[in-house]
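The values are calculated or read from the model by the stated rules, or taken from the named source; none is laboratory data. On a predicted model such as this, the values are computed, not experimentally measured, just so you know. Here Cβ is always computed from backbone atoms with ideal geometry, including for glycine, and neighbour counts include all displayed protein chains. Note: areas computed on protein heavy atoms with side chains; ligands, DNA, RNA excluded. Shrake-Rupley method; radii C 1.70, N 1.55, O 1.52, S 1.80 Å.
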Amino acid sequence: MLTREVEVEPDVIERLKNILQSVDTNNSVIAPGEFTESEDFVDTLRPEAANIILKFAGTYPHSELPELYSCLSEREVQLVSSRNTETRVSAIKNAIGLGAAAIKFMSSDYPKRGVVINVFARAVRARYRFTQDDADLDKMIYYFRKAVETEAEDEEFRPYHIDDLGKALWERFVKTSSVDDFEESRDRFKAAAAFTHHDKPLFTSHLGKVMNDRAVLLGNRDESLLDECLQIHFEAVTLVDDKFHGSIDALYQNLAETYCERYIVSTDDPISSLDENVVNRIIELDRLSTFISELAGIYNSRFSRLGHQEDADRGVKLLESIRTKNSSDPSVLAKLGEVTQKRAISIDSQVVLTQAVDLFEAAVSATAEDDPHITTRLQQHSLALFARFEMKGAIEDVKKSISLLWKALESAVTRPEQQSNFFRCLSGQLLSCYEVTENKDDLDTAVVCIESALEMAGSDIDRALCLRGHGKILFQKYAVDRVITNIDDAVRAYEEAIEILKKSGNASVDISWCYNDLGNALNRKFVITGSPDEACKSISSFEEAISRNEINPTPNYRRDKTMYLIGLGNAHLIQYERWNQTGSLDAAISCYKDAVDATDDSDSMLATRTGSLCWALQLKYDITNDRKFLDSSENYLTAALDRPTPFSGRQIAFLHNRAGSGYLRLFLESDSKDTTYLDKASGSFRVAMNASPLDSDHGSPPTTNFIRTLMFKCDNSMSSTDMIAVAVQLLPLLNIMKDRKFGSEDSRFIFLSIGDLLLRIYMADKAAPMAKQIGDVALKCFGFVYNQIETQATFRIHAGLRAAILYYELYGGNTTPPAQTLVGVTALLPEAILLGPSRLEQLRLVKQFSPVPSRTLAYTLSAGQSAAVALLWFERGRCIIWDRVINQKTDIDDLKQSHEDLAVRYETLRDKLSQNTVSHTVLAERSSFMVQNFQNWALEYNQTVDLIRQKEGFKNFLLLSDNILDLQNYATEGPIVVVNVTTHRSDAVIIASSGVTSLSLPLFTENAYLSNAAVLLAIRAGSYDDDDASSRFEEVLKWLWDAVACPILDQMGYTERASNRDTPPRIWWMTSACMNYLPIHAAGDHKRALATGEPCSVMDRVICSYIPTLKALDFVRQAAVRLQNSTDVAFSAPALLVQMPTTPNKSALQNAEREVSAVADTLEIKMSVNILTCPKRRDVLVAMRDSRMVHFVCHGLANQEDPSLSQLQLQDWRSSPLDVRTLMRASMPKCEFVYLSACDTALNKVASLREEALHLSSAFHMAGIPYTIGTLWNIDDSIAADIATLFYSNLADISRAETQTGDRLEFKYSAQALHTSIMEVREQGTESFLWAAYAHYGA
């Protein structure tokens, strides 16, 4: 091998060119313009070849150079087959360069002309076999022919040269089916075989093979020609003597191949079906065993390639016939073991695979330690054991398999080229062992082994397989250390392996496996990054694996296909969990079904595959409520659990937990809350718990679900006595939990679940015997979980909230501990809710933790904290979605200037966490890594924010200032009021420019609030006739005045009616949970006010606006300032009026056109007007981008389950809704004001989400609109038209009066304009329910 050099020595190129130009041997071998006859020949030489050619040309006589260069060329050719791509390319280039130089220096009478040209032809052949370029194939034949034509008839190696030419022509014949090539190839082999030569059997056998190919490849299978081929092969084996240098087995293999083409070998009794004449002739040669062995090898090879069971059966029976004569022949035992193993895998048979294991074990035992075959047989035995481990799951198999590979590596006869293969196999088996035992030593050793394998890898195929193994280990390492570069490196390893296998033309199962592994890695990368590109690549990888498996079926075809289908199903399911696209879920179900249906009952993977399918079916039920999906899930689970071969305890637990989850779903969805489903669920969970005890890794999900089932039972069917009995039964479980040392998240969740159940039992009957003790145990459970700071935030919040409430119930005289706990809970709330799974999950968590803000405010005030401190914690714990939107839009330029690295990290994590996935209500096994990734990001995000807050000047980063003076600054334009009600107490917190104070509201009890809120709901639902509804509504407004509004206004000094000349003072009501229900802006006794002139209503004393939080108020005020300071272009933007007089599937709005016409008449004096009639969502979104204000007259819909789905109903409202989610993201850079003349546009119908102030009006604020007018319930479209007309007329008058110019509308006076308009409508005697729906929101 030449020493590889990086560059050519100085002046070598020119000197070498001069030397070659001076050579004139007149041998005319090299074709014109090729190789040395090309002008750029020297320029294309590799440095090492150029240097050695020049060195030898200056050292040796020219007559000696052909032999020297030719020998070096031959050595390079020998290196080609065993090197990786880079080395192979170098060797080919060097071989051709040196071979061409040898011919260049060869004189016309050089005695070894044929040898030199033949060596060069073999170098060209090496290049052809690498490039598969037809031009190289033609050149190869050209130079082999030149060798034969130019050499002497008595040349020693002439038979080989003629044979080489015959093989080259044969190669082109196979590729092109050229009859001319066949005929010349046949004649060349005949010529070679005509020599009296010790390798005559080889030349004769080649003749037989090309004749065989002629009979087969050109169609019309010619039996007479095959008979002639057989005779030629018999002649070849008969010619063998002691001088023969070739492989006798290869000759019999060629004979066997032709026999298989000529005769049909029976599947039932292959030996008896063999042609008698052929058998007798072979017996005469005493080679029957050799022939049968080669015949079996052909069928085994066919089986490996095509997967036909009959071929495997023939191979096994042929080998068994040899074994009966020599039962201890290790070669036969090994071959029989090989085909038996392939057959076992193809039919998924543990019994047959055990036979293969036994055969390999016997082959190893019959092979001497110093036999060169011992290492191969040790590996075969190891791989069979490992295959049985993969099928059966017995850990002892993989451990023994690993020990056999170590023994092979340590053997004295192990060849260097075997070591890479052994290390690679060893790394894969150690990895599998680690996945079962979680012994990190196995993983560390696997890393060392695969790195050794990579270093030793010889061929490209070896390197590709090692890269795949390396990728699998990196993939597993990510699961251990969560270092993202491990996933990136794994993806790169798989991609490089695939590229190598593609270039090599490898059509084996290896490339399908690589695509499958790549798909798994991309799945995980998609979960980490959320990139749609990774998602598409993942699905494409699995589809490519399936496609290649179909194109190149193997004995493993069926088993491999199920594996690829599961991977593809997982990819679709992950995408469904991320994007909620039902098509992805349907695709996942289809893949899982195909995989389960193709999995044999004895396959150990049946449990996990069935579990995956059933989970997907249960998810489908969740979104369709179609019982057939749960029935299908139950049928699959029953079939799996009824299989003859028992599952492991872990698998039984997995399946029964799935079954119990299905029954829980049925109970939760049943209208009658049928408790028989709970009995079935608890039965399934009990079986799962018994199969996988709590102290195992897989006992937690069924245990937690069992406790949840008991909770439902407590709520629906248990007496207090039964509940106490349940509580007593839980005590042993608590003792087990203590013994576990609470190390895992699952343990803490079980503690939390037990606490919830005990709390239910305590609250059901506080006076029952042992109730106080049960409450104390529950309090300890909650306290334990809350105090574990490493516990995920949602668990701690849940535990802290329950602990605070329970403590107050048990020890009501002391509110300090509950207040302290809730302050800690509130600090965890924002990131715990938003830095996680999905929009749906965020809303679910907000619902779950909705009592936190009001309880925190009440308990902190009771504990003696100042109103300002109580307000700060109240503010921090509510409107989390709102707060998140503000944080995403918060300017962090100051942070970038001071701490750029932190700013970049914060923005990166913030963007990652804005992507979503899904969590589920019934606890699944934690096989998915999606939640873990989000938890890791959340942790890093929290740590980053905490780090920023530790920097000087950034103490309140993303938080409301804790400086009371800063709080007071919010009230410079008017006070802000928070109203809060709990079972414990009710208060108002008032932020004024003079300070922050609290006011107790003793008449505003929780019971009074709930009863009056229920009346409002009934009125809104149309439960009363008009007269009754009107009187009831008036009573609610009077109560609201007496209990809440009047005490607050009196406390602030707003006791008088503003004079006609004065503008009433402004007040902002913060939309806490109770204020989302109650129209406090309309509170009062309006009939008395109209009759007597008394200021006995809110509107008589102040102008009202609503705002979600102080941060939101600051946000919209900044938006107002930005728009006020914008260029005249913004002020010249038109008004957009959207009218929907008719809406698909909705009643017509008779007064819509009248309202828009009247509004347009008023606005056209001040600004241009753009009217859209019955538009689609896209039209409106486009038009809003350039509008200064928008007025909607349409139907509105407040979604009863998810307020972010509330919408303004346009022409395409069913397919493309203009909902809260869309509006939050909409671009309206010039818009100052939006008027929503539609029903329910400021209403959040989800009671547990009312702290979030999520509705259509607030969505416009989130998009940066400072001022909106919305409605709290259904409105009458005739009154709506009147109020809108009055509003714009009053706004124009106020704008003119306040600015002295009146050249444009000033929307900062929109609250005053609405107040004036409503006052006028009230003065006209209009029912209060009709005008009280209108409210102003924003700055």
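Within the stretch 617-627, identify whether any single residue is touching a helix residue (DSSP H, G or I) at 6+ places or on another chain (Cβ under 7 Å), at pLDDT 90 or above, farther than 16 Å from Asn520 by Cβ and buried (at least 23 other Cβ atoms within 10 Å of the Cβ), and answer yes or no.
Yes, the stretch 617-627 contains a residue that is touching a helix residue (DSSP H, G or I) at 6+ places or on another chain (Cβ under 7 Å), at pLDDT 90 or above, farther than 16 Å from Asn520 by Cβ and buried (at least 23 other Cβ atoms within 10 Å of the Cβ).
Taking the residues in the stretch 683-709 that are surrounded by fewer than 21 Cβ atoms within 10 Å (Cβ to Cβ) and among the hydrophobic types (A, V, I, L, M, F, W, C) as candidates, determine which candidate is modelled with the highest pLDDT.
Top of the filtered list is Val687.
Conditions (1) under 25 Å from the mean Cα position of the chain (by Cα); (2) surrounded by fewer than 23 Cβ atoms within 10 Å (Cβ to Cβ); (3) among the β-branched types (Val, Ile, Thr), marked per residue:
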| site | (1), (2), (3) |
| --- | --- |
| Ala453 | no, no, no |
| Gly458 | no, yes, no |
| Arg468 | yes, no, no |
| Phe475 | yes, yes, no |
| Asp481 | yes, yes, no |
| Ile487 | yes, no, yes |
| Tyr494 | yes, no, no |
| Leu501 | no, no, no |
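Considering only residues of the stretch 650-673 that are of a type in the set (D, E, K, R) and surrounded by fewer than 24 Cβ atoms within 10 Å (Cβ to Cβ), which is farthest from Ala639 (Cα to Cα)?
Step by step, filter the stretch 650-673, then rank; the result is Asp671.
Mind checking which pairs have a first residue in the stretch 390-403 that is under 12 Å from Leu430 (Cα atoms) and buried (at least 18 other Cβ atoms within 10 Å of the Cβ) and a second that is of a type in the set (S, T, N, Q) and modelled with pLDDT of 80 or more, Cβ under 6 Å, 6 or more apart or different chains?
Val398/Gln429; Val398/Ser432; Ser401/Ser382; Ser401/Gln429; Ile402/Gln429
Quickly run through the stretch 1203-1222 and pick out the residues that are in a helix (DSSP H, G or I) and either touching an Asp or Glu at 6+ places or on another chain (Cβ under 8 Å) or not aliphatic (A, V, I, L, M) (or both).
Selection gives Pro1203, Ser1204, Leu1205, Arg1221, Thr1222.
Among the residues of the stretch 510-517, is there at least one that is out of contact with any helix residue (DSSP H, G or I) (no Cβ under 7 Å at 6 or more places or on another chain), touching a residue at least 24 places away in the same chain (Cβ under 8 Å) and either of a type in the set (Ser, Thr, Tyr) or in a helix (DSSP H, G or I) (or both)?
No, the stretch 510-517 contains no residue that is out of contact with any helix residue (DSSP H, G or I) (no Cβ under 7 Å at 6 or more places or on another chain), touching a residue at least 24 places away in the same chain (Cβ under 8 Å) and either of a type in the set (Ser, Thr, Tyr) or in a helix (DSSP H, G or I) (or both).
I need the full set of residues from the stretch 1020-1034 which are among the hydrophobic types (A, V, I, L, M, F, W, C) and modelled with pLDDT under 90, in order please.
Answer for the stretch 1020-1034, where residues must be among the hydrophobic types (A, V, I, L, M, F, W, C) and modelled with pLDDT under 90: Ala1021, Ala1029.
Looking at the stretch 299-315 only, could you name the residues that are surrounded by 21 or more Cβ atoms within 10 Å (Cβ to Cβ) and not polar (S, T, N, Q)?
Answer for the stretch 299-315, where residues must be surrounded by 21 or more Cβ atoms within 10 Å (Cβ to Cβ) and not polar (S, T, N, Q): Tyr299, Phe303, Asp311, Ala312, Arg314, Gly315.
Testing Leu169 on (1) within 60 Å of the chain's Cα centre (by Cα); (2) more than 22 Å from Ala121 (Cα to Cα), one condition comes back false. Which one is that?
Leu169 satisfies all of (1) within 60 Å of the chain's Cα centre (by Cα); (2) more than 22 Å from Ala121 (Cα to Cα) except (2).
Residues that are open to solvent by less than 10 Å² (accessible area, probe 1.4 Å), closer than 30 Å to Ser854 by Cα and not hydrophobic (A, V, I, L, M, F, W, C): which helices (runs of 4 or more DSSP H) entirely in the stretch 1232-1339 hold 1 or more of them?
Here the list reads 1256-1262, 1328-1331.
From the list Arg343, Arg287, which residue is basic (Lys, Arg) and modelled with pLDDT under 85?
It is Arg343.
Within the stretch 851-866, can you find the residues that are within 17 Å of Leu967 (Cβ to Cβ), open to solvent by 10 Å² or more (accessible area, probe 1.4 Å) and in contact (Cβ under 8 Å) with a residue 60 or more places away in the chain?
Leu861, Ser866
Only one residue in Glu320, Glu361 is surrounded by fewer than 17 Cβ atoms within 10 Å (Cβ to Cβ), without any contact (Cβ under 8 Å) to a residue 24 or more places away in the chain and part of a helix (DSSP H, G or I). Which one?
Result of the check over Glu320, Glu361: Glu320.
Within the stretch 579-616, track down each residue that is among the basic types (Lys, Arg) and either in a loop (DSSP other than H, G, I, E, B) or surrounded by fewer than 23 Cβ atoms within 10 Å (Cβ to Cβ) (or both).
Lys593
Only one of Ser1000, Ser1031, Ser1023 is closer than 23 Å to Ala1242 by Cβ, of a type in the set (Gly, Ala, Ser) and open to solvent by 10 Å² or more (accessible area, probe 1.4 Å); which?
Ser1023
What tally of residues in the stretch 536-578 results from selecting those that are in a helix (DSSP H, G or I), within 17 Å of Thr599 (Cβ to Cβ), open to solvent by less than 50 Å² (accessible area, probe 1.4 Å) and in contact (Cβ under 8 Å) with a residue 60 or more places away in the chain?
1
Lys93: part of a helix (DSSP H, G or I), open to solvent by 30 Å² or more (accessible area, probe 1.4 Å) and touching a Lys or Arg at 6+ places or on another chain (Cβ under 7 Å), yes or no?
So Lys93 fits the description; yes.
Where the second residue is modelled with pLDDT under 85 and among the basic types (Lys, Arg) and the first is part of a helix (DSSP H, G or I) and lies in the stretch 28-57, which pairs have Cβ atoms under 7 Å and are six or more apart or on separate chains?
Every condition considered, the pairs that remain are Glu48/Arg4.
Looking only at the stretch 887-899, how many residues end up being open to solvent by less than 30 Å² (accessible area, probe 1.4 Å), in a helix (DSSP H, G or I) and at pLDDT 80 or above?
The qualifying residues number 1.
Of the conditions (1) in a helix (DSSP H, G or I); (2) of a type in the set (Ser, Thr, Tyr); (3) in contact with a Pro (Cβ under 8 Å, 6 or more places away or on another chain), Thr376 fails just one. Which one is it?
(3)
State which residue is modelled with the highest pLDDT when the search covers only the stretch 921-939 and only residues that are open to solvent by 80 Å² or more (accessible area, probe 1.4 Å) and not polar (S, T, N, Q).
Leu939
Sort out for me the helices (runs of 4 or more DSSP H) sitting completely within the stretch 1040-1099 that have 1 or more residues that are open to solvent by 50 Å² or more (accessible area, probe 1.4 Å), within 28 Å of Leu1010 (Cα to Cα) and not aliphatic (A, V, I, L, M).
So the answer is 1046-1052, 1086-1092.
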